[in-house]
Amino acid sequence: MHLLIDTNIFIYREDDRVVSQNVGDLFGLLQKIPVEVFVHPASLTDIERDTDERRRNVMLSKIGIYRQLQSPPSAAGDADFIRNIGISHSPQDCVDNEILYSVFRGAIDFLLTEDVGIHRKAFTAGIDDRVLHIDDAIQFFRQFIPKKERISSPPGLKEDYMYNLKLNDPIFDTLKPDYPEFADWFRKKSLEHRKCYVSYRGDGSIGALLIYKFEDNVIEIIPPLPQKKRMKIATLKVTHVGNKIGELLLKISIDLTIQNDCDEIFLTHYTEENDRLVELISEYGFVKAGVNSRGEEIFLKKLVPESQDIIRLHPTEIFKKIYPSFYDGTSVKKWIVPIYP
């Protein structure tokens, strides 16, 4: 198999930062299976445009360790392809199109990218099943590991207390730079016997974590959200991917909200480019409600609709917005689906 890595994946892996757990897991996995990893010549052009001279030189010095795709087909000469996915409006668009075209023409089996724009174009071109997010790639390539080397599934989620967690666990490394007071907050909430749900990896480190609380406060945004009891997701972090643990933690959050007589759940988050958490919670009906004084975005989910206007939406949209509630009207068709054991 031939796997092409997008420029952003190369930069993320080779930059002088600590890579996330899922990136490390993926490239460790790729070493165990028969797959060749390539970069596209257009990625070299992309890196050469970087205005940060030091970073540009570092990246150019490292890209040589990857095999370059030789004589790739050019999207510029395929007017139908360009018309289908959209005219390029920037040099970056041109690079993205060239990289994607190598998959479209079969020069490459799979493309690895976290770029939302490329994923949209892949869907339009009908090759979205061959353009993978990091998490998707881990799940897909696991099937090719010999059984004796296959990565074991993470153990089940465990309800625990924060004081049983280790503050120096790698899962917290990406939170500490955004929240300088994180260590003090962690110790304070541990003393309060705050509960959490945790999944441990095979080496004892945390693979997934949900820390939650219930609040009865005004949420200070513009306009402010009125005082009422809400469930707050204080921390939702998953590094052991490919097992739908993020979805499971959201399901647990929603169940806890219902059990505690709440009909709203929210979290605060510093959104990044190609943010997988935002992508995940959006599928569960979380919407951006505003920004607080710290610059964090507030994402809110309502479990009960506020008006009858929602029934004008398509039933699948209703289900997403107010899951696990649903609309059962005369316009909603029903089927019986047999499930064999």
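Just so you know, all these numbers are worked out from the coordinates, no wet-lab data involved. Since the structure is predicted, the reported quantities are computational estimates derived from the model, not experimental observations. As a convention, Cβ positions derive from the backbone with ideal geometry for all residues, glycine included, and neighbour counts pool all protein chains shown.
Charges were assigned to the Cβ only: +1 to each Lys and Arg, -1 to each Asp and Glu. The resulting dipole of region 158-302 about its Cα centre is roughly 360 debye.
Under a Cβ-Cβ cut-off of 10 Å, what is the net charge of the residues other than Ser88 that fall near it, where Lys and Arg count +1 and Asp and Glu count -1? Net charge around Ser88: -3.
Restriction of the trypsin sites (Lys or Arg not before Pro) in region 94-130 to DSSP coil positions whose beta-carbon has at most 16 other beta-carbons within 10 angstrom yields Arg105.
Each other residue within a Cβ distance under 12 Å of Asp169 adds +1 if Lys or Arg and -1 if Asp or Glu, for a net charge of +2. The long axis of helix 245-259 is offset from the longest Cα principal axis of the chain by roughly 20 degrees.
Per the Debye calculation on the chain with a single equal scatterer at every Cα and no solvent contribution, log₁₀ I(q)/I(0) for q = 0.15 Å⁻¹ amounts to -1.38.
The shape of region 22-121 comes out oblate: with a ≥ b ≥ c from the C-alpha gyration tensor, a/c is at least 1.5 while a/b does not beat b/c. Residues whose amide H lies under 5 Å from that of Gly207, counting only those 5 or more places away or on a different chain, are Ser199, Tyr200, Arg201; hydrogens are built 1.01 Å from N in the peptide plane.
Neighbour counting of Cβ atoms within 10 Å sorts the residues Met1, Met231, fewest neighbours leading, into Met1, Met231.
Please label the shape of region 158-302 as rounded, prolate or oblate, based on the square roots a ≥ b ≥ c of the eigenvalues of the alpha-carbon gyration tensor (a/c under 1.5 means rounded; beyond that, a/b larger than b/c means prolate, else oblate). Because its axes are fairly even, with a/c under 1.5, region 158-302 counts as rounded.
If r is the Cβ-Cβ distance from Arg56 to Val35 and R0 is 22 Å, what FRET efficiency results, to the nearest 0.05? Between Arg56 and Val35 the formula returns 0.20. Mean separation of Cα pairs under 8 Å and 6 or more residues apart, divided by the residue count, gives region 49-165 a relative contact order of 17 percent. The order of Leu191, Leu132, going from fewest to most other C-beta atoms within 10 Å of their C-beta, is Leu191, Leu132.
Here the relative contact order of the chain, from alpha carbon pairs under 8 Å that lie six or more residues apart, stands at 11 percent. Comparing mean-square fluctuations of Ile310, Ile245, Ile258 from a GNM of the chain with C-alpha springs under 10 Å, the top value falls on Ile310. Our helix-only sum for the chain, with -39,500 (n - 2.57) per DSSP H run of n ≥ 4 divided by its residues, gives a mean residue ellipticity at 222 nm of -10000 deg cm²/dmol. By the count of other C-beta atoms within 10 Å, a proxy for reagent exposure, Arg194, Arg312 are ordered fewest to most as Arg312, Arg194. Overall, the chain carries a charge dipole of about 1020 debye about its Cα centre when +1 sits on the Cβ of Lys and Arg and -1 on the Cβ of Asp and Glu, all other atoms neutral.
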